[in-house]
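Below is one structure, written out as C-alpha cells; the observations come after it.
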Amino acid sequence: MVRLISLLVGAAFVGVLAIALFGTVATAISDPAPETAEAKYHQHPENIGLASNGFFGRFDRRQLQRGFQVYKEVCSACHSLKYVAFRDLADLGYSEGEVKAIATQWAIEQPSVNPETGEATTRKNIPSDRFPSPFANEVAARAANNNALPPDLSLMAKARHDGTNYIHALLMGYRAQPAALLKEFPGTKTPTGLHYNPWFANLNIAMPPPLTSDGQVPYADGTRATKDQMARDVAAFLTWTAEPKLERRHAAGLASVVFLLIFCFLAWGAYQNVWRDVKH
Amino acid sequence: MSFPWAKHYEPKQPLMRWLDEKLPLPRLVYNAVGAGYPVPRNLNYFWNFGVLAGAALAIQIVTGIVLAMHFAANAGVAFGSVESIMRDVNAGWFLRYAHANGASMFLLVVYIHIGRGLYYGSYKAPREMVWLLGVVIFLLMMATAFMGYVLPWGQMSFWGAQVITGFFSAIPLVGESIRVWLLGGFAPDNATLNRFFSLHYLLPFVIAGVIVLHIWALHIPGSNNPTGVDVKGEQDTVPFHPYYTAKDAVGLGVFLLVFALLIFFSPNLLGHPDNYIEANPLSTPAHIVPEWYFLPFYAILKSFTADFILPAKLWGVLAMFGSILLLFFLPWLDSSPVRSANYRPTYRIFLIVLLLDVLVLGYVGGAEPIARNVVLGQIAAAYYFAHFLIILPLVAASERPRPLPGSITEAVLAKHGGTSPAKTAIA
Amino acid sequence: MATVDDRLPPGEDPALLAEEVHDPRRRDFINIAAVSFAGVGLVAVVLPLINQMNPSADVLAQSTTEVDLSKIQPGQAIKTSFRKQPLFVRNLTPAEIAAANAVPVNTLRDPQTLAERTKAGHENWLITLGVCTHLGCVPLGAGEGENKGPFGGYFCPCHGSAYDTAARIRQGPAPKNLVVPDYTFNSPTTVTVG
C-alpha cells in the first residue's frame, strides 16, 4: 500500500516537473532571455594582495594609517563608520594622546543634549565615541546626495563579494561609458547624475569619482599618493574596520591548528594502541 | 536491552557504588556510551559522524548560550549588538564565528550521517524508530538553523525570513493568515525577531531530548555495521569504550581541525556578504540564497515553474516539504532484506547517482535562474523524487543481491586475508 | 583486553597476535598523553567562555568621566555618573572643612583625614562614589534638600549608615568610607574621573 501510494506521488511530482521542464525549454527556445549589459560588462576585481591576507597575514599599520587619512579627508564627508570607535584607532598604532587629538579635532561633532536647556546640540568627540555620521538621518543623507544613500563603510569589506579588492577596483574603475556598450544596448546610457563604473553591480554608480588626482591626500610618511596607492590604502583601512580582530584570529588559529594536529597524532596513537589486538 | 554478553557495571570506588545505588546515572552512561554497549567490531569511519553530530550540538549550545548573554533581540539594535560582539566583547569574534560556522559543521556532519544511514541501510528493520527520530532531529535542526540565521538581522536574515514564511502563504485559503501569525505582522519585524530568538534558544534543547530517544532506540537492536549483517555472537562485537571512544577521538580531532580552519582562516566562506548589511525592508538583495545546507531543497522549490491543477508555488512548497517528509516512509519503501549497499549492486549505482543529484541540486539552488540552470534543477529534482518514490521500491523488488558474509567476524577475517578458513567460505 | 582475543573464532592464527605484545608502560603512555592533551585543550577553550563575561571594550572605554565644577557653589553637591555608578561631587564650605578636620582621626572606623581624601590645593572638592559601602544603596545628601544625616555629610536610608562632611563612615553598618575614585584636575574647574 505504501509503495503504491509512493509510486503515485512520485509519478505526480515527476510529471509536474516534466511539464515544467517542457515549459522552460520551450520558453528558452521561443523567447530566449536577452543578454544584459550588466552580465556582459560587469567586471570582477583583481587581487590587490594585502599584507593581511593568508594564514600569517598581519596588517601593515603604516598603510592602515594612510588609509585612515584617506577616509578622513575624502570618504568621511559622506560615508559614516558607525560601528568603529575612535578608541579603536589605537590598533593602528596611534598613541592614546593621538587618538584623543583625532577625536577632538574630528570635523563632525557628536550629537548631544545641552545640559542646561535640554536642547539637541553637538559636542566634541571623545575616544569612547563611535565615528559620528556626516548626516543626521537617512532622509538628510539622501537629500544631500541626489537621492542616493552613501552606505556605512564599517563593514564594506565584508558586505560585498571579495570586498577588499572590490573597494580598490571600484575606486579605480571610473571611466567613460564604452561606445560598444551603447551600440549593443541602446537605452543603457548612464543617466545624468550617475557615473559609469563597470565594477559596480549595475554599472552606474551614484558616487562621483572620489579620488580625482595624484597627491589628493598628502601622505606624511613620504609614500607617493598616487590614485592607485590611495585606493589600496583605503581598501586596507576598510578591511581593518570590517575585521579588526583579524590578527588575533590568525594567531589563535595557528595555535589551534598546531594543537589539534598534535592531538590528532596522539589520538591516532591511542586508537592504534587500543585496537592493536582486534582485527577490524 | 542489548546483547546478553554486554558487560555489567561494577563500580569499584565506594563513592561510585554509593551513587549508583541512589541514582544509577553512572550505570546509564556506562551502558549507553561505555564498556556496557557492545558494538560491531567492523565499523568504519562513517560511524564517527553520530558522535560528531552530538559534539557539534554541544558546541552550538555552549557558544549559543554565551552569545545570548550579549545579543539583543530587538530589530532596532540586533545588527549592532552582533557587531559589538564582534568588536568589543572579550573573545566575542571567536564565539560568534564558532557559532555561525558551527551550524555549518553540524549540518555537514549530519548530512554525512544521513548518507551513511542510506548507504548501509541503517533505516531498515529493526532500526526504523532510530531513523524516524533521526528525521525528526533533522527537521528540528533545519528550523533552528533557519531561525538562528534571522537573528543577526542582516539583509539575508530579513529576506530569508520573508521568503521562508512566504512558503506558508501558498496554502490555499488560510495561508496568508498563517504567514501573518508566524511573523506577528505583515513583514518580518521586531515581533518576528523576538519569537525566533525565543524558539532558537528552545529548540536545541528539544533536539538534545530527541537525541536521547534516538540513542535509546539505537541501543535496543544495537548499531548497524558496514556489512549490514546482524551480530551473531560475542566475537562480532567490542565494547564501545575504549574501542570506539578511541576511534571517535580521532574523528573528533579531524572534525575540530576542519572547524578551526573555518573559524580562524575563512570564517565568512560559507556566509553571504549581504548579511553584513543591516536589514532594509525597502530593498531586496539582488540574489537571495539560503545558507548552503538548504540549497538542494531551495532548488526543488524553484524547479516547479508550471501550474498544473495546483498553482506552481503550491507545487514547489509541497515538493520541498515532501522531499524531506518522504524520508519518514523510507523504511517501508525499501523492502530489500539486504541492508548494506555494498551487497546491492543495482541500488548502489542509483544511490551514488542520488548523491551526485543532490550536489547538482545544491549547485542549482545557489545559481542564477538562467534557463540552463532551471533545466538542470528540474531534471535533478525529478530524479530525487523518482529515486525515493519509484526506483527504490522497484529495485528492492527486482534486484539480486550479492552473497552476504556469514557473520561480521567472517567478513573482517576475509578482509585481513591470510590464514582464515572463513575467507574461503565466502569467496 | 585479553578477553577480546579469547573471543576470536577458531581458525585465526594466535601466533600473529602474540607478536604484537608491546611494553605495557609505553602502551599506557599514549592513552594518557592523548587524554591529558584533550584536557588541556578543553581548559584553553573554557577560558574565553569565562572571559566573555568580563566588561567588554566599549564598557571599559567609557570608564572615564569629565566633570565641570564651575557651576557648583560652595555647600552644593551634584550627582553625576561614573562607570554607571553615581558619583558625588561636593564643594565643601570652610565650615564643613573645619568640621571634618576637627574629628580625631584615630576615633574613626576607617581612619583617613580629609586631606587624604582630596587633592592638594583643591581641599574643598570632595569627589566620592555615591555607593554606600554597606550593601550598595545610594546615600542621600547630594541632592538639594536631602537628608544629610547626623554628621552633615551623607545618610544612607537603606540601613542607616551616616557619613560626615569628608564622606567618612561615622555611624551605622557600613565598614568603609565612601570610595574616592582616581581623578585628576585638568584645570581649576574640570576634573577627569577614572
### Message
I'm checking my understanding of the structure. Among residues of the range B:308-328 that are surrounded by fewer than 20 Cβ atoms within 10 Å (Cβ to Cβ) and under 16 Å from B:Val374 (Cα atoms), which one is nearest to the other protein chains (Cβ to nearest Cβ)?
### Response
B:Ala312
### Query
Before we move on, is B:Val212 under 19 Å from the mean Cα position of the chain (by Cα) and of a type in the set (Val, Ile, Thr)?
yes
### Message
Can you find a residue that is free of Cβ contacts under 8 Å to residues at least 60 places away in the same chain, within 11 Å of chain B (Cβ to nearest Cβ) and out of contact with any strand residue (DSSP E or B) (no Cβ under 8 Å at 6 or more places or on another chain) anywhere in the range A:174-187?
### Response
no
### Query
Is it the case that C:Leu69 is surrounded by 15 or more Cβ atoms within 10 Å (Cβ to Cβ), under 21 Å from C:Asn177 (Cβ atoms) and in contact (Cβ under 8 Å) with a residue 40 or more places away in the chain?
no
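Residue-by-condition table, conditions (1) under 30 Å from B:Gly92 (Cβ atoms); (2) within 14 Å of chain B (Cβ to nearest Cβ):
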| site | (1), (2) |
| --- | --- |
| A:Gly215 | no, no |
| A:Arg224 | no, no |
| A:Asp233 | yes, no |
| A:Glu243 | yes, yes |
| A:Ile262 | yes, yes |
### Task
Filter the range B:383-427 down to the residues that are of a type in the set (Lys, Arg) and modelled with pLDDT under 90, then identify the one that is nearest to B:Asp334 (Cα to Cα).
B:Lys415
### Task
State whether the residues of the range C:71-81 include one that is assigned by TED's automatic domain parsing to the domain that holds C:Gly153, under 15 Å from C:Thr184 (Cα atoms) and part of a strand (DSSP E or B).
no
### Message
For the range B:270-278, check the following and say yes or no: at least one residue is surrounded by 21 or more Cβ atoms within 10 Å (Cβ to Cβ), without any contact (Cβ under 8 Å) to a residue 24 or more places away in the chain and touching a His at 6+ places or on another chain (Cβ under 6 Å).
### Response
yes
### Query
Looking only at the range B:76-121, which residues are in contact (Cβ under 8 Å) with a residue 24 or more places away in the chain, surrounded by fewer than 23 Cβ atoms within 10 Å (Cβ to Cβ) and not in a helix (DSSP H, G or I)?
B:Gly76, B:Tyr120
### Message
If I ask for residues that are outside any helix (DSSP H, G or I), of a type outside the set (A, V, I, L, M, F, W, C) and touching a residue at least 24 places away in the same chain (Cβ under 8 Å), which ones from the range A:148-173 would you list?
### Response
A:Pro150, A:Pro151, A:Asp152, A:Ser154, A:Asp162, A:Gly173
### Query
On the given criteria, is B:Ala103 touching a helix residue (DSSP H, G or I) at 6+ places or on another chain (Cβ under 6 Å) and of a type in the set (A, V, I, L, M)?
yes
### Query
surrounded by fewer than 15 Cβ atoms within 10 Å (Cβ to Cβ) and at pLDDT 90 or above, is that true of C:Lys84?
no
### Message
Condition (residue is without any contact (Cβ under 8 Å) to a residue 24 or more places away in the chain and either in contact with a Phe, Trp or Tyr (Cβ under 6 Å, 6 or more places away or on another chain) or crowded, with 17+ Cβ neighbours inside 10 Å (or both)) applied to the range B:183-195: is it met by at least one residue?
### Response
yes
### Message
Just to confirm my filter: which helices (runs of 4 or more DSSP H) fall fully inside the range B:153-247 and include at least 1 residues that are touching a helix residue (DSSP H, G or I) at 6+ places or on another chain (Cβ under 9 Å) and within 14 Å of another protein chain (Cβ to nearest Cβ)?
### Response
B:155-168
### Query
On the given criteria, is B:Gly54 more than 9 Å from every other protein chain (Cβ to nearest Cβ), outside any helix (DSSP H, G or I) and over 20 Å from C:Pro48 (Cβ atoms)?
no
#### Entry: Residues of the range B:258-283 that turn out to be under 24 Å from B:Trp159 (Cα atoms), more than 9 Å from chain A (Cβ to nearest Cβ) and small (Gly, Ala, Ser), as a count
2
### Summary
Counting only residues in the range A:21-66 that are farther than 30 Å from B:Ser303 by Cα, touching a residue at least 40 places away in the same chain (Cβ under 8 Å) and among the basic types (Lys, Arg), the one surrounded by the most Cβ atoms within 10 Å (Cβ to Cβ) is identified as A:Arg66
### Task
Go through the range A:249-280 residue by residue and tally those that are of a type outside the set (Asp, Glu), more than 19 Å from C:Val43 (Cα to Cα) and without any contact (Cβ under 8 Å) to a residue 60 or more places away in the chain.
13
### Task
Return yes or no: is A:Leu238 within 14 Å of another protein chain (Cβ to nearest Cβ) and either touching a residue at least 12 places away in the same chain (Cβ under 8 Å) or surrounded by 21 or more Cβ atoms within 10 Å (Cβ to Cβ) (or both)?
yes
### Query
Inside the range B:391-415, can you point out the residues that are among the aliphatic types (A, V, I, L, M) and buried (at least 22 other Cβ atoms within 10 Å of the Cβ)?
B:Leu392, B:Ile408, B:Ala411, B:Val412, B:Leu413
### Task
Output the residues belonging to the range C:52-102 that are within 13 Å of chain A (Cβ to nearest Cβ), of a type in the set (S, T, N, Q) and farther than 22 Å from C:Leu140 by Cβ.
C:Ser56, C:Gln62, C:Ser63, C:Thr64, C:Ser70
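The values are calculated or read from the model by the stated rules, or taken from the named source; none is laboratory data. What you see is a predicted model, and the numbers here were worked out from it, not measured in a lab. Counting neighbours? That spans all protein chains shown, and the Cβs are built from the backbone with ideal geometry, glycine included.
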